[in-house]
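Structure first, then comments.
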Amino acid sequence: VEGIQAQGVEQELVCIYIHSPCIFQDAHNSSVLNNYVLGAYLRSGRVVGLSQPVEIQFWHDMVLDASNATCVFWQPEAGAGSTGSWSKEGCETTHREGTVICHCNHLTYFAVLLLPTDTLSPAQLASLTYISTIGCSLSAAATLCTLLLCCFSSTPCPPASCRQWLRDNTTKIHMHLLAALLLLNCSFLLSTPLATSAEGLCRVTAALLHAGLLCALAWMAAEAFHLLLLLVKVYNVYIQHYLLKLCLFAWGLPTLAVVAVFVFRRDTYGYHTISTSEGYTNVTM
């Protein structure tokens, strides 16, 4: 304003102080510091690209730092069907005791956006996604190789005793556990490409992922029970239809649980939105 006045042009600066959480509300219901929004603009038009940024100070009595409080401005109609969103482009944040100082190169509506302390940056989210994908890929490949090795190396023979009968079932139980882990890893790896195509496929993939996790946990419990019979029980133990009963427990119960959730609480499965700290946009997986 002083630069424009030096050129002999008179300008009128309008400042608006708003204390309301309802007026500037984005699609993610973001919170601003003390619900304070400060608006500044010239009646003659927009002001952008200032060589000397404007300084706005927001006072507070909270413990804040750069990780959970950032200066932003309101960007109207940022998306289709949206009233607007918060953006930090052109703004810098400085923290002092009891004060957040914003330096911005334009005039508009300003606020201090509060972020959860555990919010990830897009770079962190991408790194964790790559690590999870690589880890699950290696796990799926190793599980498949082990499963094939168990299939081709097993040579069934009639058990001579109850102890021999239990040992013969050990490999079969291992194979069922490997199959559950393979289902879990494959469901996770296929979740991203399938979820982006249609919401129905996203729900089905989420149900398979849930089922794979429950089945893997159930077969681990079956492994523990089988080890109990092998190592703790001192007398010969014979359970009729032993493997079938374990399958009904470790495959059947998780399947019933997933089907019940899918039928009665279908909204449990679907898209999940992960908030990121930069750009204030969310990543959907």
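Sort 172, 245 by Cβ crowding within 10 Å, fewest neighbours at the top.
Exposure proxy ranking, most exposed first: 245, 172.
How would 251, 86 line up from fewest to most surrounding beta-carbon atoms within 10 angstrom?
Fewest to most other Cβ atoms nearby, the residues stand as 251, 86.
In what sequence do 44, 30 fall when counting other Cβ within 10 Å, fewest first?
Sorted ascending by nearby Cβ count, the order is 44, 30.
None of the figures in this text is laboratory data; all of them are computed from the coordinates on show. All values reported here derive from a predicted model rather than from experimental measurement. All Cβ positions, glycine included, derive from the backbone under ideal geometry; neighbour counts span all protein chains shown.
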